[in-house]
1. Residues in the stretch 28-51: is at least one farther than 30 Å from residue 271 by Cβ, in contact with a helix residue (DSSP H, G or I) (Cβ under 6 Å, 6 or more places away or on another chain) and at pLDDT 85 or above?
2. What strands (runs of 3 or more DSSP E) lie completely within the stretch 159-207 and have 3 or more residues being free of Cβ contacts under 8 Å to residues at least 40 places away in the same chain?
3. Quick one: how many residues across the stretch 214-253 are without any contact (Cβ under 8 Å) to a residue 12 or more places away in the chain and either small (Gly, Ala, Ser) or more than 27 Å from residue 147 (Cβ to Cβ) (or both)?
4. Looking for something more than 20 Å from residue 122 (Cα to Cα) and either at pLDDT 95 or above or among the aliphatic types (A, V, I, L, M) (or both) - is there at least one such residue anywhere in the stretch 205-218?
5. Counting just the residues of the stretch 118-144 that are loosely packed, with under 13 Cβ neighbours inside 10 Å and at pLDDT 75 or above, which one comes out nearest to residue 289 (Cα to Cα)?
6. Could you pull out the residue among 76, 86 that is over 15 Å from residue 3 (Cα atoms) and either out of contact with any Lys or Arg (no Cβ under 8 Å at 6 or more places or on another chain) or part of a loop (DSSP other than H, G, I, E, B) (or both)?
7. Just checking, does the stretch 254-261 include any residue being at pLDDT below 90 and on the phi < 0 side of the Ramachandran plot?
Amino acid sequence: DIINDNTWSMLSEDARMHLETLLPPTAFTSYEPTLGTDHPLVKAESNDMMAVDEKPLAESSGAELNLGIFNDPHFLAATRTFQDHLYLNYFSESHTAKVEQFQQGIQTGTVAAPWKDEVWMRDNHLPLEPSVRDMLSNGRAGEAREVKLGTLAKRKIVRVGDVIAYRRSFATSEVIEKDAIIYSIHPRTHTLTMLTRSGPHKDLPQELLTPEPSEPIEPPLSMEITSLSMLETGLLDTDGRMEKSRRPNGNAWKCFSVWRFRSGAEYNPYDSRGGRENHGTMFYLRGTFYHDSH
(Lines give C-alpha, C1' and ligand atoms only; values in the text may rest on other atoms or scores of the structure.)
Protein backbone atom coordinates (compact mmCIF):
# COMPACT_ATOMS: atom_id res chain seq x y z
CA ASP A 1 0.00 0.00 0.00
CA ILE A 2 2.95 2.34 0.55
CA ILE A 3 4.58 1.83 -2.85
CA ASN A 4 2.23 3.12 -5.58
CA ASP A 5 2.07 5.70 -8.36
CA ASN A 6 1.14 8.51 -5.92
CA THR A 7 4.13 7.98 -3.63
CA TRP A 8 6.32 7.53 -6.71
CA SER A 9 5.40 11.01 -7.95
CA MET A 10 6.39 12.50 -4.58
CA LEU A 11 9.99 11.40 -4.99
CA SER A 12 12.63 13.66 -6.42
CA GLU A 13 13.82 13.12 -9.97
CA ASP A 14 17.22 11.93 -8.78
CA ALA A 15 15.60 9.40 -6.45
CA ARG A 16 13.34 8.09 -9.22
CA MET A 17 16.27 7.76 -11.63
CA HIS A 18 18.21 5.79 -9.03
CA LEU A 19 15.30 3.47 -8.29
CA GLU A 20 14.62 2.92 -11.99
CA THR A 21 18.02 1.29 -12.33
CA LEU A 22 16.77 -1.45 -9.99
CA LEU A 23 13.73 -2.26 -12.13
CA PRO A 24 13.67 -4.78 -15.01
CA PRO A 25 13.24 -3.64 -18.65
CA THR A 26 9.62 -4.82 -18.62
CA ALA A 27 8.74 -1.98 -16.21
CA PHE A 28 9.09 0.69 -18.93
CA THR A 29 6.64 1.74 -21.63
CA SER A 30 9.27 1.51 -24.37
CA TYR A 31 9.80 -2.20 -23.74
CA GLU A 32 9.00 -4.38 -26.73
CA PRO A 33 9.09 -8.14 -26.34
CA THR A 34 11.34 -9.85 -28.84
CA LEU A 35 12.23 -13.40 -29.69
CA GLY A 36 15.52 -14.79 -28.51
CA THR A 37 18.23 -15.60 -31.01
CA ASP A 38 17.75 -19.31 -30.32
CA HIS A 39 14.02 -19.25 -31.10
CA PRO A 40 13.05 -21.44 -34.09
CA LEU A 41 11.23 -18.55 -35.79
CA VAL A 42 14.35 -16.45 -35.89
CA LYS A 43 16.26 -17.17 -39.09
CA ALA A 44 19.96 -17.49 -38.54
CA GLU A 45 20.72 -16.07 -41.97
CA SER A 46 18.76 -12.89 -41.37
CA ASN A 47 20.97 -9.82 -41.33
CA ASP A 48 18.37 -7.32 -40.20
CA MET A 49 18.07 -8.57 -36.63
CA MET A 50 17.53 -6.00 -33.91
CA ALA A 51 20.69 -4.99 -32.08
CA VAL A 52 20.44 -5.43 -28.33
CA ASP A 53 21.27 -2.39 -26.25
CA GLU A 54 23.87 -3.46 -23.70
CA LYS A 55 22.92 -0.63 -21.35
CA PRO A 56 19.96 -1.07 -18.99
CA LEU A 57 16.78 0.41 -20.36
CA ALA A 58 16.47 2.67 -17.34
CA GLU A 59 19.68 4.43 -18.35
CA SER A 60 18.37 5.28 -21.81
CA SER A 61 17.39 8.89 -22.29
CA GLY A 62 13.75 8.31 -23.27
CA ALA A 63 12.84 5.57 -20.78
CA GLU A 64 9.46 6.20 -19.17
CA LEU A 65 8.22 4.12 -16.29
CA ASN A 66 5.00 2.19 -16.82
CA LEU A 67 3.05 3.06 -13.66
CA GLY A 68 1.08 -0.15 -14.06
CA ILE A 69 4.11 -1.93 -12.64
CA PHE A 70 2.89 -1.04 -9.14
CA ASN A 71 -0.16 -3.27 -9.66
CA ASP A 72 1.73 -6.10 -11.31
CA PRO A 73 1.42 -9.31 -9.22
CA HIS A 74 5.11 -10.11 -9.67
CA PHE A 75 6.10 -6.69 -8.35
CA LEU A 76 3.67 -6.92 -5.44
CA ALA A 77 4.97 -10.37 -4.51
CA ALA A 78 8.56 -9.12 -4.62
CA THR A 79 7.79 -6.13 -2.38
CA ARG A 80 5.98 -8.31 0.15
CA THR A 81 8.93 -10.70 0.23
CA PHE A 82 11.30 -7.78 0.73
CA GLN A 83 9.15 -6.45 3.60
CA ASP A 84 9.12 -9.91 5.19
CA HIS A 85 12.90 -10.05 5.00
CA LEU A 86 13.15 -6.64 6.64
CA TYR A 87 10.76 -7.70 9.41
CA LEU A 88 12.68 -10.93 10.01
CA ASN A 89 15.96 -9.00 10.20
CA TYR A 90 17.47 -10.92 7.28
CA PHE A 91 19.71 -8.00 6.33
CA SER A 92 21.30 -7.56 9.76
CA GLU A 93 24.98 -8.21 10.32
CA SER A 94 24.26 -11.14 12.65
CA HIS A 95 22.03 -12.91 10.12
CA THR A 96 24.46 -12.24 7.29
CA ALA A 97 27.21 -13.80 9.38
CA LYS A 98 25.02 -16.87 10.02
CA VAL A 99 24.36 -17.28 6.30
CA GLU A 100 28.06 -16.99 5.53
CA GLN A 101 28.88 -19.55 8.24
CA PHE A 102 26.25 -21.93 6.84
CA GLN A 103 27.60 -21.58 3.29
CA GLN A 104 31.12 -22.27 4.52
CA GLY A 105 29.80 -25.31 6.39
CA ILE A 106 28.26 -26.65 3.19
CA GLN A 107 31.58 -26.28 1.37
CA THR A 108 33.59 -27.93 4.15
CA GLY A 109 30.98 -30.60 4.86
CA THR A 110 30.63 -29.80 8.57
CA VAL A 111 26.85 -29.31 8.32
CA ALA A 112 26.27 -32.38 6.20
CA ALA A 113 23.74 -34.90 7.43
CA PRO A 114 25.20 -38.10 8.87
CA TRP A 115 25.56 -41.05 6.56
CA LYS A 116 22.47 -43.26 6.56
CA ASP A 117 24.71 -46.25 7.34
CA GLU A 118 25.93 -44.54 10.50
CA VAL A 119 22.37 -43.67 11.52
CA TRP A 120 21.36 -47.30 11.08
CA MET A 121 24.37 -48.56 13.03
CA ARG A 122 23.57 -46.07 15.79
CA ASP A 123 19.99 -47.28 16.14
CA ASN A 124 20.60 -50.98 15.47
CA HIS A 125 23.27 -52.84 17.36
CA LEU A 126 25.14 -55.55 15.51
CA PRO A 127 23.97 -59.05 16.47
CA LEU A 128 26.54 -61.40 17.89
CA GLU A 129 28.21 -63.79 15.51
CA PRO A 130 27.10 -67.46 15.75
CA SER A 131 30.47 -68.45 17.20
CA VAL A 132 30.01 -65.96 20.03
CA ARG A 133 26.44 -67.12 20.67
CA ASP A 134 27.72 -70.69 20.90
CA MET A 135 30.44 -69.56 23.24
CA LEU A 136 27.94 -67.84 25.50
CA SER A 137 25.62 -70.84 25.49
CA ASN A 138 28.51 -73.10 26.50
CA GLY A 139 29.28 -70.98 29.53
CA ARG A 140 32.48 -69.47 28.20
CA ALA A 141 31.36 -65.88 28.74
CA GLY A 142 32.56 -65.96 32.32
CA GLU A 143 35.92 -67.35 31.28
CA ALA A 144 36.35 -64.63 28.62
CA ARG A 145 36.18 -62.03 31.37
CA GLU A 146 39.68 -63.04 32.35
CA VAL A 147 40.96 -61.45 29.11
CA LYS A 148 42.20 -57.98 29.97
CA LEU A 149 42.42 -54.89 27.80
CA GLY A 150 46.21 -55.08 27.88
CA THR A 151 46.06 -58.58 26.41
CA LEU A 152 43.97 -57.34 23.49
CA ALA A 153 46.46 -54.53 22.95
CA LYS A 154 49.39 -56.96 23.12
CA ARG A 155 47.76 -59.25 20.54
CA LYS A 156 46.88 -56.23 18.35
CA ILE A 157 43.15 -56.77 18.68
CA VAL A 158 43.13 -53.04 19.41
CA ARG A 159 45.75 -50.87 17.73
CA VAL A 160 47.12 -47.36 17.60
CA GLY A 161 44.81 -45.20 15.50
CA ASP A 162 41.64 -47.12 16.42
CA VAL A 163 38.69 -44.97 17.43
CA ILE A 164 37.01 -46.38 20.53
CA ALA A 165 33.38 -45.22 20.42
CA TYR A 166 31.46 -45.09 23.70
CA ARG A 167 27.67 -45.30 23.87
CA ARG A 168 25.56 -46.05 26.93
CA SER A 169 21.83 -45.67 27.54
CA PHE A 170 21.11 -44.77 31.15
CA ALA A 171 18.02 -45.54 33.22
CA THR A 172 16.89 -41.93 32.86
CA SER A 173 16.57 -42.46 29.07
CA GLU A 174 19.66 -40.34 28.57
CA VAL A 175 22.13 -41.52 25.95
CA ILE A 176 25.75 -40.39 26.11
CA GLU A 177 28.08 -40.93 23.17
CA LYS A 178 31.74 -39.95 23.06
CA ASP A 179 34.71 -40.99 20.93
CA ALA A 180 38.33 -41.48 21.93
CA ILE A 181 41.32 -42.52 19.85
CA ILE A 182 44.26 -44.75 20.80
CA TYR A 183 47.26 -42.44 20.58
CA SER A 184 49.91 -44.89 21.80
CA ILE A 185 50.39 -48.28 23.49
CA HIS A 186 53.23 -48.80 25.96
CA PRO A 187 55.47 -51.58 24.58
CA ARG A 188 56.03 -53.21 27.98
CA THR A 189 52.96 -52.56 30.13
CA HIS A 190 50.54 -52.22 27.19
CA THR A 191 48.93 -49.22 28.84
CA LEU A 192 46.78 -47.29 26.37
CA THR A 193 47.12 -43.53 25.98
CA MET A 194 43.77 -42.20 24.81
CA LEU A 195 42.92 -38.79 23.38
CA THR A 196 39.43 -37.34 23.51
CA ARG A 197 37.68 -33.99 23.33
CA SER A 198 36.81 -32.06 26.47
CA GLY A 199 33.18 -31.30 27.19
CA PRO A 200 29.93 -32.89 25.98
CA HIS A 201 31.14 -33.46 22.42
CA LYS A 202 30.81 -36.80 20.66
CA ASP A 203 33.13 -36.42 17.67
CA LEU A 204 36.89 -36.03 17.73
CA PRO A 205 38.69 -33.16 15.96
CA GLN A 206 39.45 -33.99 12.35
CA GLU A 207 43.17 -33.40 12.99
CA LEU A 208 43.24 -36.52 15.19
CA LEU A 209 41.43 -38.73 12.67
CA THR A 210 43.95 -38.53 9.84
CA PRO A 211 46.43 -41.41 9.28
CA GLU A 212 49.16 -39.04 10.47
CA PRO A 213 47.47 -37.00 13.24
CA SER A 214 48.42 -33.38 13.80
CA GLU A 215 47.91 -31.05 16.75
CA PRO A 216 44.28 -29.80 16.74
CA ILE A 217 43.35 -26.19 17.41
CA GLU A 218 41.68 -27.21 20.67
CA PRO A 219 44.17 -29.25 22.75
CA PRO A 220 42.78 -32.76 23.33
CA LEU A 221 42.39 -34.41 26.71
CA SER A 222 44.87 -37.24 27.31
CA MET A 223 44.35 -40.16 29.67
CA GLU A 224 46.24 -43.39 30.36
CA ILE A 225 44.06 -46.45 30.94
CA THR A 226 44.49 -50.14 31.66
CA SER A 227 40.80 -51.08 31.61
CA LEU A 228 37.59 -50.02 29.90
CA SER A 229 36.04 -49.04 33.22
CA MET A 230 38.82 -46.45 33.58
CA LEU A 231 38.06 -45.19 30.08
CA GLU A 232 34.33 -44.98 30.79
CA THR A 233 34.93 -43.07 34.01
CA GLY A 234 37.30 -40.67 32.26
CA LEU A 235 34.91 -40.03 29.38
CA LEU A 236 31.93 -39.44 31.68
CA ASP A 237 34.01 -37.14 33.89
CA THR A 238 35.09 -34.96 30.98
CA ASP A 239 31.60 -35.08 29.44
CA GLY A 240 30.11 -33.71 32.65
CA ARG A 241 26.47 -34.60 32.01
CA MET A 242 26.19 -37.67 34.25
CA GLU A 243 26.89 -37.35 37.96
CA LYS A 244 28.86 -40.14 39.61
CA SER A 245 25.89 -41.06 41.81
CA ARG A 246 23.78 -41.81 38.72
CA ARG A 247 26.33 -43.97 36.94
CA PRO A 248 25.73 -47.74 36.82
CA ASN A 249 28.28 -50.38 37.75
CA GLY A 250 27.43 -52.55 34.76
CA ASN A 251 29.80 -54.14 32.28
CA ALA A 252 31.44 -51.47 30.13
CA TRP A 253 32.66 -53.88 27.45
CA LYS A 254 29.33 -53.80 25.62
CA CYS A 255 29.35 -49.99 25.56
CA PHE A 256 32.51 -49.64 23.47
CA SER A 257 32.99 -50.40 19.78
CA VAL A 258 36.18 -50.34 17.72
CA TRP A 259 36.37 -48.33 14.49
CA ARG A 260 39.34 -48.94 12.19
CA PHE A 261 40.45 -48.20 8.64
CA ARG A 262 39.82 -51.08 6.29
CA SER A 263 42.90 -52.28 4.41
CA GLY A 264 43.48 -49.94 1.48
CA ALA A 265 40.85 -47.44 2.61
CA GLU A 266 41.56 -43.72 2.40
CA TYR A 267 40.89 -40.98 4.90
CA ASN A 268 37.46 -39.37 4.48
CA PRO A 269 37.37 -35.80 5.85
CA TYR A 270 33.56 -35.71 5.64
CA ASP A 271 33.09 -38.70 7.94
CA SER A 272 32.86 -38.23 11.71
CA ARG A 273 35.43 -41.01 12.19
CA GLY A 274 37.58 -40.29 9.15
CA GLY A 275 36.25 -43.21 7.10
CA ARG A 276 36.87 -45.94 9.66
CA GLU A 277 34.57 -48.96 9.77
CA ASN A 278 32.94 -50.67 12.74
CA HIS A 279 34.83 -53.82 13.76
CA GLY A 280 32.40 -54.74 16.54
CA THR A 281 32.01 -54.13 20.24
CA MET A 282 34.84 -54.74 22.67
CA PHE A 283 32.67 -57.46 24.21
CA TYR A 284 32.43 -59.21 20.85
CA LEU A 285 36.15 -58.84 20.08
CA ARG A 286 37.13 -60.15 23.50
CA GLY A 287 34.81 -63.15 23.14
CA THR A 288 36.04 -63.92 19.64
CA PHE A 289 39.67 -63.68 20.75
CA TYR A 290 39.05 -66.03 23.67
CA HIS A 291 37.12 -68.48 21.48
CA ASP A 292 39.86 -68.55 18.81
CA SER A 293 42.65 -68.99 21.34
CA HIS A 294 41.03 -71.92 23.16
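1. yes
2. Numbers: elements: 163-169, 175-185, 192-196.
The strands (runs of 3 or more DSSP E) meeting that bar are 175-185.
3. Here the count works out to 8.
4. Yes: one or more hits.
5. Per the stated criteria, the residue is 124.
6. None of the other options fit; the residue is 86.
7. Looking for residues that are at pLDDT below 90 and on the phi < 0 side of the Ramachandran plot, one finds none in the stretch 254-261, hence no.
This table checks each residue for (1) surrounded by 15 or more Cβ atoms within 10 Å (Cβ to Cβ); (2) assigned to a loop (DSSP other than H, G, I, E, B); (3) touching a Leu at 6+ places or on another chain (Cβ under 8 Å).
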| site | (1), (2), (3) |
| --- | --- |
| 223 | yes, no, yes |
| 233 | yes, no, no |
| 267 | no, yes, yes |
| 274 | yes, yes, yes |
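The values are calculated or read from the model by the stated rules, or taken from the named source; none is laboratory data. Quantities reported herein were computed from a predicted structural model and do not represent experimental measurements. So basically every Cβ, Gly included, is an ideal-geometry build from the backbone, and we count neighbours across all protein chains shown.
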